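Worksheet: the structure to be examined is printed underneath.
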Amino acid sequence: MQNGDHIVTLDRVEKKYPLGSTEVTAVSGVSFSIAAGDFVSIAGPSGSGKTTILNMIGCVDTPSAGLVTVAGRPTVGLKDDAITALRREVLGFIFQSFNLVPVLTVRENVEFPLLLGGGRVGPAERAWIDRLIEEVGLSDRRDHKPGELSGGQRQRVAIARALVTKPKIVLADEPTANLDSKTGEAIIRLMRLINRELGTTFVFSTHDAKIVAVADHVIRLEDGKVAENRLAAPAEASR
Amino acid sequence: MNGAVLRMAFRNLKEHRRKSLTVGLIVAAASMLFVLGSSLLESATAGLRKSYRDRFTGDLYVTAKSPKKITAFGWDDPGSMGEPLPLLPRHDEVKAFAATIPGVEALASRSVAFVQVSKEDSDAKGATLLMGVEPAEYARAFPEAFALAGGASFGPAGSGLLASSFLSRGMGEAAGPGGAVLLSSVGMGSSIREERVLGVLPRDGANPFLNMTSYVGIDSVRGLLGHYEGEGGAAEAAAAPAPALDEAELFGGEAVVEAEGAGIDAAALVSSLASSGSSRLDGSAWQSLVLKVRSEREVPAVREALESFLAREGIEAQVRGWEEGAGMLASSVLAMKRIFYYVCAVVAMVALLVIMNALVISVTERTGEIGTMRAIGASRGFVTRLIVSETLILSAASGLAGAAAGAGVVGLLSVRGIPAGNFLLRVMFGGPVLRPVLSAAAVGLCLLAVLAIGAAASWYPTKVALRVNPATAMIRA
């Protein structure tokens with residue numbers, strides 16, 4: 001799994017958190033690579049280090065040791081401005097608790113990352129926003145605020161928001177954890193569809209076996225270490 | 001993007017409307033009180049300035065240097081009332097220079113003496129603050145000074161007395177137009193002069209102190225204070241050998257020297273003789289020079305020019321503004337104004353702390369939201385702009401609302417008027433009723449202050465917001 005198409009690489013990554021006078025090791029000696037366009041599941045029980053790995057790939061946390069490379073750029077040592085730009089231009093985020101901006105409407109939430117880039121939202125961008133909202137099935141809710149939506153609808157807004165900047169990688173931290181199983185499956189299907197249509201790399205953490213089965217690359221963690229790193233068979237992955 | 005920031009800021013304020021309302025009300029109330037208080041004090045000061053500046057102090061006045069404070073009415077210390085003020089050194093030179101300063105509209109020289117007033121063959125007695133002036137010159141500088149309630153003003157000779165309303169009221173007919181009164185200086189020997197009352201000045205509703213002032217030609221005051229040419233003044237005149245007496249002058253002349261019921265006093269006799277021509281009065285003896293300046297804006301420049309001249313020429317004189325010239329009462333009002341601004345500064349600090357505290361709570365409550373924004377690519381600048389915008393919008397809106405409310409109250413009070421219930425308030429208000437005028441400067445200052453407070457209040461909450469780690473926010477969300 002070490003070739004030029006890899007969009008994410010972790011090399012002997014370690015993360016320790018201070019806890020009082022001692023340190024807790026969240027992940028240790030983690031190395032793996034993710035190919036562009038993969039639909040990757042980082043699986044494992046609670047406390048295995050899934051979110052820590054996602055945070056480091058998402059540049060919202062830094063490793064205590066080792067190297068994380070995202071879209072060909074090592075993230076360690078980058079200044080705040082560069083990290084912010086990397087997050088904005090290369091990465092999209094889907095959070096477990098949706099994390100929409102409560103005062104913005106569905107459309108404004110989706111538009112928001114484009115505004116952060118300082119660019120002008122012209123007709124092409126507006127058309128793209130409308131298409132994303134349509135893709136996630138919320139055309140009739142575009143002017144609603146997050147408080148007026150169900151959990152599944154909010155997560156679909158979050159997906160549209162994560163995709164609006166056409167990022168190379170979308171990171172999803174337990175995207176179905178706060179949803180019922182039916183809605184969760186629909187969300188995963190939607191992510192899979194976008195992954196195939198747009199070629200966006202999806203990396204999501206989960207401990208749900210049904211969702212893991214949909215991934216074409218599974219990285220299983222146990223006690224902060226990689227216990228399994230396998231590519232699914234083509235037939236399996238195409239489900 | 002700035003549009004997006006403002007939209008979010010507005011909606012955040014609306015979303016947290018209880019907090020916004022609480023902070024907004026505090027800022028609005030402080031703004032209203034500031035505009036109202038400033039307008040009241042500015043109006044009172046303007047009234048006070050008008051009543052003093054237009055009739056007594058001018059914009060600037062020049063006197064001899066003195067360790068004790070000199071006002072337009074004499075010593076500021078009431079205990080020194082009988083003591084004459086020092087003469088302005090090289091008065092004529094100072095006046096000639098002052099006349100050349102651009103911006104000087106009018107100038108007038110003046111000397112003051114506190115005198116007792118009595119009348120021959122009458123028990124009526126009184127006292128007045130006597131201002132010795134060149135009537136024509138003084139009328140040009142202070143046209144309102146000689147407005148009369150009755151009688152006539154100074155003739156071309158400039159002799160006679162315009163009696164104060166206080167004197168006229170106290171002495172009745174005795175100090176009425178046409179009669180003659182005896183003026184005797186207080187605390188400087190027994191110089192006595194007789195003056196014919198020409199007219200009576202009207203009662204000034206603004207300031208009862210001003211009602212004690214009477215006017216005479218300068219030579220009367222010079223005579224009473226002993227300002228003679230080439231001599232050391234009344235004391236020397238009194239000590240000098242008595243000149244030959246003229247019977248007609250002693251018993252039938254204009255200057256009557258007989259103090260009421262006391263027979264002829266030697267010192268008074270000598271003084272009177274001196275003033276009647278045996279010794280010449282010093283024509284350049286003046287205690288002060290009063291200047292009126294074309295506009296308030298030009299006053300500092302005129303003052304600076306005068307002070308430079310005095311320093312350059314080595315003249316031991318000082319230049320003072322109308323506030324100092326107006327004395328203790330005006331100083332009290334101005335001190336009150338200063339206290340008001342100190343209180344406003346304290347209120348501003350409290351408002352700053354309240355806003356800051358409310359914002360910090362608001363930021364803490366929105367840690368997840370701020371963290372999310374940072375995670376999806378919001379720069380530190382974006383977060384800063386968002387927090388600062390929220391504070392500034394809230395401050396500006398509440399400041400404007402408060403200033404508008406203050407302006408409304410000022411307008412209402414202006415129509416209704418605030419009656420001055422007592423003497424002190426009459427002095428403070430510059431009249432029996434204060435009709436406040438909205439101070440544009442106060443409104444401007446208020447809005448600037450609330451914006452500055454808003455900007456300052458956002459500093460710490462912004463710092464807190466920028467400390468939010470996107471990863472922490474993801475965990476908390």
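The values are calculated or read from the model by the stated rules, or taken from the named source; none is laboratory data. Quantities reported herein were computed from a predicted structural model and do not represent experimental measurements. When we count neighbours, we look across all protein chains shown, and the Cβ atoms used for this are built from the backbone with ideal geometry, even at glycine.
Values computed for the structure shown
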{"quantity": "Condition check for B:ASP121: in a helix (DSSP H, G or I) and loosely packed, with under 15 Cβ neighbours inside 10 Å", "calculated": "no"}
{"quantity": "Which numbered condition B:PHE382 misses (of (1) buried (at least 18 other Cβ atoms within 10 Å of the Cβ); (2) at pLDDT 85 or above; (3) within 37 Å of the chain's Cα centre (by Cα); (4) under 30 Å from B:ALA452 (Cα atoms))", "calculated": "(3)"}
{"quantity": "Selection count, region B:408-442, where residues are closer than 24 Å to B:LEU25 by Cα, touching a residue at least 12 places away in the same chain (Cβ under 8 Å) and surrounded by fewer than 20 Cβ atoms within 10 Å (Cβ to Cβ)", "calculated": "4"}
{"quantity": "Residues satisfying the stated conditions in region A:26-38, i.e. surrounded by 22 or more Cβ atoms within 10 Å (Cβ to Cβ) and under 18 Å from the mean Cα position of the chain (by Cα)", "calculated": "A:ILE34, A:ASP38"}
{"quantity": "Yes/no for A:VAL76 being more than 13 Å from every other protein chain (Cβ to nearest Cβ), touching a strand residue (DSSP E or B) at 6+ places or on another chain (Cβ under 7 Å) and free of Cβ contacts under 8 Å to residues at least 60 places away in the same chain", "calculated": "yes"}
{"quantity": "Filtered residues of region A:126-139 (kept if farther than 14 Å from A:ASN109 by Cβ and buried (at least 16 other Cβ atoms within 10 Å of the Cβ))", "calculated": "A:TRP128, A:GLU135"}
{"quantity": "Residue within region A:208-216 that is under 21 Å from A:SER33 (Cα atoms), of a type in the set (D, E, K, R) and buried (at least 21 other Cβ atoms within 10 Å of the Cβ) present", "calculated": "yes"}
{"quantity": "Leading residue by the ranking (surrounded by the most Cβ atoms within 10 Å (Cβ to Cβ)) among those in region A:154-200 that are more than 13 Å from the chain's Cα centre (by Cα) and either modelled with pLDDT of 90 or more or within 16 Å of B:MET373 (Cα to Cα) (or both)", "calculated": "A:VAL157"}
{"quantity": "Whichever residue in region B:374-405 is within 14 Å of chain A (Cβ to nearest Cβ) and free of Cβ contacts under 8 Å to residues at least 12 places away in the same chain and, among such residues, is nearest to B:VAL354 (Cα to Cα)", "calculated": "B:GLY381"}
{"quantity": "Scope region B:402-459; condition closer than 27 Å to B:VAL346 by Cα and in a loop (DSSP other than H, G, I, E, B); matching residues", "calculated": "B:PRO436, B:VAL437, B:LEU438, B:SER439, B:SER458"}
{"quantity": "Residues of region B:362-373 satisfying the condition of being away from chain A (no Cβ under 14 Å) and buried (at least 22 other Cβ atoms within 10 Å of the Cβ)", "calculated": "B:VAL363"}
{"quantity": "From A:ALA43, A:ALA65, A:ALA82, residue being within 13 Å of another protein chain (Cβ to nearest Cβ), among the small types (Gly, Ala, Ser) and either more than 23 Å from A:LEU115 (Cα to Cα) or without any contact (Cβ under 8 Å) to a residue 12 or more places away in the chain (or both)", "calculated": "A:ALA82"}
{"quantity": "Given (1) under 30 Å from B:GLY444 (Cβ atoms); (2) within 14 Å of chain A (Cβ to nearest Cβ), index of the condition B:VAL347 fails", "calculated": "(2)"}
{"quantity": "Residue check, B:LEU359 more than 18 Å from B:ALA9 (Cβ to Cβ) and more than 12 Å from chain A (Cβ to nearest Cβ)", "calculated": "no"}
{"quantity": "Residue satisfying condition, being in contact (Cβ under 8 Å) with a residue 40 or more places away in the chain, within 10 Å of another protein chain (Cβ to nearest Cβ), buried (at least 19 other Cβ atoms within 10 Å of the Cβ) and among the hydrophobic types (A, V, I, L, M, F, W, C), within set A:VAL60, A:VAL101", "calculated": "A:VAL101"}
{"quantity": "Any hit, region B:20-38, residues being within 14 Å of chain A (Cβ to nearest Cβ), assigned to a helix (DSSP H, G or I) and out of contact with any Phe, Trp or Tyr (no Cβ under 7 Å at 6 or more places or on another chain)", "calculated": "yes"}
{"quantity": "Options B:SER362, B:SER331, B:SER284; residue that is of a type in the set (S, T, N, Q), in contact with a helix residue (DSSP H, G or I) (Cβ under 8 Å, 6 or more places away or on another chain) and not in a helix (DSSP H, G or I)", "calculated": "B:SER284"}
{"quantity": "Residue count for region A:108-145, restricted to those that are within 14 Å of another protein chain (Cβ to nearest Cβ) and acidic (Asp, Glu)", "calculated": "4"}
{"quantity": "Test: residue in region A:20-27 that is touching a Ser or Thr at 6+ places or on another chain (Cβ under 8 Å) and in a strand (DSSP E or B)", "calculated": "yes"}
{"quantity": "Top-ranked residue in region B:430-477 [being away from chain A (no Cβ under 14 Å) and touching a strand residue (DSSP E or B) at 6+ places or on another chain (Cβ under 9 Å); ranked as modelled with the lowest pLDDT]", "calculated": "B:PRO432"}
{"quantity": "Subset of region A:163-186 [closer than 21 Å to A:ASP143 by Cα and either touching a Pro at 6+ places or on another chain (Cβ under 8 Å) or without any contact (Cβ under 8 Å) to a residue 12 or more places away in the chain (or both)]", "calculated": "A:VAL164, A:THR165"}
{"quantity": "Where a residue in region B:346-357 is without any contact (Cβ under 8 Å) to a residue 60 or more places away in the chain and its partner, wherever it lies, is surrounded by fewer than 16 Cβ atoms within 10 Å (Cβ to Cβ) and outside any helix (DSSP H, G or I), with Cβ under 7 Å and at least six apart", "calculated": "none"}
{"quantity": "Qualifying residue in region A:193-215 (condition: within 27 Å of A:GLY49 (Cβ to Cβ) and charged (D, E, K, R))", "calculated": "yes"}
